[in-house]
1. Counting helices only, and only those DSSP H runs with n ≥ 4, report the 222 nm mean residue ellipticity of the chain as the sum of -39,500 (n - 2.57) divided by its residues, in deg cm²/dmol to the nearest 500.
2. Convert each backbone phi in region 32-43 into a coupling constant with the Karplus relation 6.51 cos²θ - 1.76 cosθ + 1.60 (shift: θ = phi - 60°), then list the ³J(HN,Hα) values in order as whole Hz, x for Gly and Pro.
3. In whole Hz, what ³J(HN,Hα) sequence does region 51-60 give by Karplus (6.51, -1.76, 1.60; θ = phi - 60°), x for Gly and Pro?
4. Which GluC sites (Glu not before Pro) does region 44-107 hold that lie in a coil by DSSP with at most 14 other beta carbons within 10 Å?
5. Give Lys77/Lys107; Lys11/Lys86; Lys70/Lys96; Lys70/Lys107; Lys66/Lys101 a once-over and call out the pairs whose C-alpha atoms are over 19 Å from each other.
6. What is the magnitude of the charge dipole of the chain about its Cα centre, with +1 placed on the Cβ of each Lys and Arg, -1 on the Cβ of each Asp and Glu, and no other charges, expressed in debye to the nearest 20?
7. Which residue, Ser2, Leu33, Val18, has the largest displacement toward the positive end of the dipole of region 1-53 when charges sit on each Cβ (Lys, Arg +1; Asp, Glu -1)?
8. Calculate, for region 1-82, the solvent-accessible area per residue in square angstrom, rolling a 1.4 angstrom probe over the heavy atoms of the protein chains.
Amino acid sequence: MSFVVTENCIKCKYTDCVDVCPVDCFHEGPNFLVIDPDECIDCTLCEPECPANAIYSEDEVPNDQKDFIKLNADLAKIWPSITEVKPANADADTWKGKPGKRDLLEK
């Protein structure tokens, strides 16, 4: 089992989670992060570090966001790995917690 980044990360892209990951399983897209399920060791360190509460254990992903499980796996294969903290998007706090951002995901 792994952890999954969900809709709340879109347009925020805080990287606090990246800093605590012992296996570098995060990958970075233009406005979203994903977790590679093949690299994640289910250590639980990333979940409490996310200021947007966007990370869930795979078995706790909300029903309306189950598609993010496959999305994380697919995008992790094509997006580059991120291993260092970067500044969040300039307007991250404005987008934090806003629903309905799925269509804003840039691939």
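The values are calculated or read from the model by the stated rules, or taken from the named source; none is laboratory data. Note that this is a predicted model, so its numbers are computed, not measured. As a convention, Cβ positions derive from the backbone with ideal geometry for all residues, glycine included, and neighbour counts pool all protein chains shown. Accessible surface areas use protein heavy atoms only, side chains included; no ligands, DNA or RNA. Shrake-Rupley method; radii C 1.70, N 1.55, O 1.52, S 1.80 Å.
1. Rounded to the nearest 500, the figure is -4000 deg cm²/dmol.
2. So the J values, rounded to whole Hz, are 6, 10, 9, 10, 7, x, 6, 9, 5, 9, 6, 7.
3. My calculation for region 51-60 gives x, 9, 6, 9, 10, 10, 5, 3, 7, 10 Hz in order.
4. Taking region 44-107 and a limit of 14 other Cβ atoms within 10 Å, the loop GluC sites (Glu not before Pro) found are Glu84, Glu106.
5. Lys70/Lys96
6. Dipole of the chain, to the nearest 20 debye: 480 debye.
7. Leu33
8. Dividing the accessible area of region 1-82 by its residue count gives 43 Å².
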